[in-house]
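The values are calculated or read from the model by the stated rules, or taken from the named source; none is laboratory data. The shown structure was predicted, so the numbers you read here are calculated from the model rather than taken from an experiment. Positions of Cβ are generated from backbone atoms using ideal geometry, with glycine treated the same way; all protein chains shown enter the neighbour counts. In case anyone asks, the SASA skips ligands and DNA or RNA and just uses the protein heavy atoms, side chains included. Shrake-Rupley method; radii C 1.70, N 1.55, O 1.52, S 1.80 Å.
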Amino acid sequence: MMNRLGENKQRTMASLKVDDGKPCDVEAILFDKDGTIIDFVSMWGNWSELLASRYTARLAAKGLHLSKGIFPSLWGTSLDAAGKVRAYDRNGPLAMGTMNDLYAIAALQGYKLGLSWGESMQLVRESKEEADLELKRRKSAIPLAGVVPFIEQCKKAGLKLGIVTADDTEAALEHLEWMGLLPYFSVVIGADLVPRSKPYPDMLELACQRLDVVPSAIAVIGDTDGDMRMGQAAGAALCIGIANQAASMLPSADVIIASYSQLVLEEAHTEG
């Protein structure tokens with residue numbers, strides 16, 4: 001089914017290349033959200049601190065105490081001298097995990113301290129709801145440098161754009177709306193819409209179905225190796241990793257860029 005999508009239709013294609021590299025004709029671009037569209041630390045650094053502090057307080061109210069600094073090791077984050085998240089492991093749980101993964105990681109700590117699994121999970125979910133409300137109040141979503149001009153250029157060229165994220169779909173829609181970017185994307189696919197999250201191809205395949213394009217006519221842009229492996233598993237034309245540091249963390253990328261200024265869109269053309 002997937003290889004028949006878009007047959008016998010006129011398709012707007014554009015040549016995408018990195019710097020002076022070889023151009024690749026694409027009909028659509030699928031972006032990861034966090035760390036690719038949104039500055040990761042501004043969003044999930046804040047959120048992880050909020051959830052950890054509220055969950056820790058709930059445990060303390062029951063006379064249970066977590067080891068100091070345990071959450072950075074659980075999430076895959078590192079802190080600055082003030083105790084704020086300053087960096088993240090691109091292939092760690094906070095960057096790649098679904099919300100259910102993060103719930104389980106946190107709830108396990110309460111279970112180890114003697115709570116039942118159900119009670120610990122309840123405390124995590126209550127803490128998550130409070131963290132979400134505070135994040136909504138702060139609207140901590142900051143677009144990654146250069147991404148907005150690139151998205152505008154893609155739309156001007158007639159490319160179809162979509163989001164494929166390990167976050168829940170409803171949250172992803174909200175975060176894009178905070179930044180005024182939601183109208184640019186024809187489809188937003190969260191991990192809750194598919195049986196398997198990244199690195200499996202399910203999200204990309206669903207996005208292609210909804211966009212009516214074949215995977216071989218799309219480029220994937222993401223900041224984790226899970227994004228790259230998802231693209232490769234689905235047969236994407238090009239998998240672009242964005243990483244200003246630690247490029248070795250994206251071994252499955254076709255190419256790696258440090259910023260969106262390295263991406264070049266050449267003149268669009270029609271096929272079919």
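Taking the stretch 54-103 as the range and being of a type in the set (Lys, Arg) and either closer than 20 Å to GLU134 by Cβ or open to solvent by 50 Å² or more (accessible area, probe 1.4 Å) (or both) as the test, the residues that pass are ARG54, ARG58, LYS62, LYS68, LYS84, ARG86.
Residues of the stretch 248-270 that are modelled with pLDDT under 90, among the aliphatic types (A, V, I, L, M) and open to solvent by 50 Å² or more (accessible area, probe 1.4 Å): MET249 alone.
Would you check if ILE221 is open to solvent by 20 Å² or more (accessible area, probe 1.4 Å), closer than 20 Å to GLY146 by Cα and in a strand (DSSP E or B)?
Details: open to solvent by 20 Å² or more (accessible area, probe 1.4 Å): no; closer than 20 Å to GLY146 by Cα: yes; in a strand (DSSP E or B): yes.
The answer is no for ILE221.
Need a quick list: strands (runs of 3 or more DSSP E) entirely within the stretch 1-116 having at least 1 residues that are modelled with pLDDT of 90 or more and under 19 Å from the mean Cα position of the chain (by Cα).
Working: elements: 11-18, 24-26, 28-31, 77-79, 85-88.
Output list reads 28-31, 77-79.
Here is the figure for the stretch 195-211: residues that are under 15 Å from the mean Cα position of the chain (by Cα) and open to solvent by less than 70 Å² (accessible area, probe 1.4 Å) total 8. Within the stretch 164-194, how many residues turn out to be under 13 Å from the mean Cα position of the chain (by Cα) and of a type outside the set (D, E, K, R)? Matching residues across the stretch 164-194 total 13.
Return the only residue of ALA106, ALA145 being open to solvent by 10 Å² or more (accessible area, probe 1.4 Å) and at negative phi.
None of the others qualify; the one that does is ALA145.
For the stretch 185-207, the count of residues that are closer than 28 Å to LYS9 by Cα, of a type outside the set (Asp, Glu), assigned to a helix (DSSP H, G or I) and touching a residue at least 40 places away in the same chain (Cβ under 8 Å) is at least one.
Pairing each residue of the stretch 119-148 that is without any contact (Cβ under 8 Å) to a residue 40 or more places away in the chain with any residue that is surrounded by 15 or more Cβ atoms within 10 Å (Cβ to Cβ), provided the two are 6+ apart or on different chains, yields C-beta distances under 6 Å for SER120/ALA107; SER120/GLY110; SER120/TYR111; MET121/ALA107; LYS139/TRP178.
Of the residues GLU119, GLU130, only one is touching a helix residue (DSSP H, G or I) at 6+ places or on another chain (Cβ under 8 Å), part of a helix (DSSP H, G or I), closer than 26 Å to GLU174 by Cβ and open to solvent by 40 Å² or more (accessible area, probe 1.4 Å); which? Quick ask: steps written out before the conclusion?
Numbers: GLU119 fails: closer than 26 Å to GLU174 by Cβ.
None of the other options fit; the residue is GLU130.
Within the stretch 133-152, the set of residues being over 20 Å from ARG58 (Cβ atoms), modelled with pLDDT under 95, of a type outside the set (D, E, K, R) and in a helix (DSSP H, G or I) is empty.
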